[in-house]
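Reviewing the structure listed below.
What follows is calculated from the coordinates using simple rules that are stated; it is not laboratory data. Predicted, not measured: the structure shown is a model, and the values here were computed from it. Every residue, glycine among them, receives a Cβ derived from its backbone with ideal geometry; neighbour counts consider all protein chains shown.
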Amino acid sequence: MRKSTMIVAICLLNLSALISGCSGVPSSDNHQENTPDQPLIETTPASYGSNDIIYQVSTINALLEGVYDGETDYGTLKKHGDFGIGTFSGLDGEMIELDSVIYQIKDDGNAYIADDSMTTPFAAVTFFDTDTERLITEPMNRSQTEEYLAALMPNRNIMYAIKINGTFDYVRTRSVPKQEKPYPRLVEVTKDQPEFEFEKVDGVIVGYWLPLYMEGINVPGYHLHFITEDKTAGGHLLEFDISEARVEIDNTYDLFIELPESNDFLDADLSGNTGSELEQVER
């Protein structure tokens, strides 16, 4: 358990303005400037009183740079969301949270229930509330599904959590093996990633669509993981063919980032353009 928390709040409370001079607390008409006798308020996600918040640990650029040591434990993470994706300390597999249960998809492709004491170097969770629900009744591959989803997410300036329960003719996933220090960059790890294939399987897609301005913070566009209906296997989702499915989308307006306090993070150079590396990692 960490002794202290560093939190960055990105406010999207007003969709007409992405940058609103957010100080980490909602504005109000009777706001007063802080004085020496009036300390700053420490902000937590609970202060917003809303479930439409993504609570994130670290940044995707830090993960690309090889900052793999976890500081936030999963018991703490579950207080901020019942749904999400991420990874484990040492990059030990893919993480899926579904209905408040966290699963670890290890490099054997199998799913294991994670202990609350385990930690994460990167994760994003939310309390999933369905805003849009549709049925897929005809076969679709991944690109066709993404086009279908895009029509259900018309505003490209907010964030969306996505859950798809369905029957799949084909699914291809991957996971990554646990790494040892000195950690390699993520793009090097995924060059030899084990991949897994499933045919005629029921399962759940869990993930997000995030706007382009999230580059460097999280994965812009679609970032999806998969777990079988019996919760025994899955991984980072690469390809799939859907037969039929129920799609649920949660419109999300706020983002909180908990930054690591480790020297590895504080000393990392996160200023580079890692877009091409991220594309290789994700696909």
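Give the order of Thr145, Thr252 when sorted by the count of other beta carbons within 10 angstrom, beginning with the fewest. Walk me through the numbers before you get to the answer.
Details: Thr145 21, Thr252 24.
By the 10 Å Cβ count, ascending, the order reads Thr145, Thr252.
Report the extension gain between Ser100 and Arg246 in nm, rounded to one decimal, defined as 0.36 nm multiplied by the number of residues separating them, less their alpha carbon distance.
Extending this stretch completely gives an extra 50.6 nm.
Would you pull out the residues with amide H under 5 Å of Asp82's amide H, same chain only if 5 or more places away, H placed 1.01 Å from N?
Thr126, Phe127, Phe128
Using the beta-carbon distance between Glu138 and Lys79 and R0 = 35 Å, what value does 1/(1 + (r/R0)^6) give for FRET efficiency, to the nearest 0.05?
That gives a FRET efficiency of 0.30.
Taking Rh as the Kirkwood radius computed over C-alpha pairs, what is the Stokes-Einstein D of region 132-250 at 20 °C in a medium of viscosity 1.002 mPa s, expressed in µm² per second?
Numbers: Rh = 15.3 Å.
It comes out at roughly 140 µm²/s.
Using the Cα centre of region 132-250 as the reference point, and only Cβ charges (+1 on K/R, -1 on D/E), how large is the resulting charge dipole? Debye, rounded to the nearest 20.
Dipole magnitude for region 132-250 comes out near 480 debye.
So what J values fall out for region 87-95 if you push phi through Karplus, 6.51 cos²θ - 1.76 cosθ + 1.60 with θ = phi - 60°, rounded to Hz, Gly and Pro as x?
Using θ = phi - 60°, the values come out as 8, 10, 3, x, 6, 7, x, 9, 10 Hz.
Place a point 7 Å from Cα of Ala151 in the direction of its Cβ. Which residues in region 122-136 have their backbone N less than 20 Å from it?
Only 131-136 pass the distance filter.
Fewest Cβ neighbours within 10 Å first, please rank Leu91, Leu135, Leu270 accordingly. Present the calculation step by step, with values, prior to reporting the outcome.
Values: Leu91 27, Leu135 9, Leu270 14.
Listing Leu91, Leu135, Leu270 from fewest to most nearby Cβ atoms yields Leu135, Leu270, Leu91.
With a cap of 13 neighbouring Cβ atoms within 10 Å, and only residues DSSP puts in a loop, list the GluC sites (Glu not before Pro) found in region 119-196.
Loop-located and lightly packed - Glu180.
Using R₀ = 22 Å, calculate the FRET efficiency as 1/(1 + (r/R₀)^6) where r is the Cβ-Cβ separation of Asp230 and Glu195; round to 0.05.
0.60
Please name whichever of Tyr183, Met140, Gly203 sits farthest to the positive end of the charge dipole of region 132-250, dipole taken about the Cα centre and charges placed at Cβ: Lys and Arg +1, Asp and Glu -1.
Going by the charge dipole, the pick is Tyr183.
Starting with the fewest neighbours, write out Leu266, Leu278, Leu149 ranked by other beta-carbon atoms found within 10 Å of each beta-carbon.
Listing Leu266, Leu278, Leu149 from fewest to most nearby Cβ atoms yields Leu266, Leu149, Leu278.
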